[in-house]
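Have a look at the structure below before the remarks.
The values are calculated or read from the model by the stated rules, or taken from the named source; none is laboratory data. What you are looking at is a predicted structure, and each value in this text was computed from that prediction instead of being measured. Every residue, glycine among them, receives a Cβ derived from its backbone with ideal geometry; neighbour counts consider all protein chains shown. Please note that ligands, DNA and RNA were not included when accessible areas were found on the heavy atoms of the full protein model with its side chains. Shrake-Rupley method; radii C 1.70, N 1.55, O 1.52, S 1.80 Å.
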Amino acid sequence: MALFHLHIKNRTDEELMAQVKGGSRRAFDELYQRYARRLNGFFFGQLGGDNERAADAVQDVMLRLYEARSRYRDGESVATWVFAMAYNLCKNQYRHLEHEQNYLAQLDAEPATENEVDVQMDRQRLEEALQKVLETLQPPLRMLFSLRYEEDLTVPQIARIQELPEGTVKSRLHKTINIIRHKLKEYESHQ
């Protein structure tokens, strides 16, 4: 049994998901272990820093993954599939924000500008300042930042998750980074 356990830990996410499709509970448990912490951090940041909501959302996504296992296409990136579910769950929670669509339309219509900001803080202070700035972002932008820079997903993966053209994702990322740079500059001047 220990050999099987060691063997399953060496499997890729995609191999594990193929086993989950075949009914393997151990493969599902291993995927759960690999993604629960990442998802919890993602949801914590996206759902207002609420531990309970984040934990509930992790359970919801993992339940959805298990229930949708037959729809998983062999070879598809499990990370993209899982974070697409996480994104959709957050998106559903954001729907009640009436100004979201107007804000995004305005964001896409505004030309992006290149602003170089020379932030001279030590690493810990910069991370604290960045966290405060991220909390002020609109939820869709905070999520986009998280998918790209915290979960390290590629632009094509994010485009598939958000069902947007890659150019729109790039434009929104660029705009988000500029907003963050601007707010960090303001933060630095208020210190």
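Before moving on, here are some points about what is shown:
- Ala54, sole failed condition from (1) more than 30 Å from Gln131 (Cα to Cα); (2) surrounded by 14 or more Cβ atoms within 10 Å (Cβ to Cβ); (3) not basic (Lys, Arg): (1)
- Where Ile158 falls short, out of the listed (1) modelled with pLDDT of 85 or more; (2) farther than 30 Å from Arg64 by Cβ: (2)
- Within region 70-89, residues that are under 10 Å from Met17 (Cα atoms) and open to solvent by 30 Å² or more (accessible area, probe 1.4 Å) sit with their Cβ atoms under 8 Å from residues that are among the small types (Gly, Ala, Ser) and part of a helix (DSSP H, G or I), at 6+ positions apart or across chains, in these pairs: Asp74/Ala18.
- Taking region 1-111 and the helices (runs of 4 or more DSSP H) fully enclosed by it, the elements with 1 or more residues that are modelled with pLDDT under 85 and closer than 30 Å to His174 by Cα are at 78-94, 100-109.
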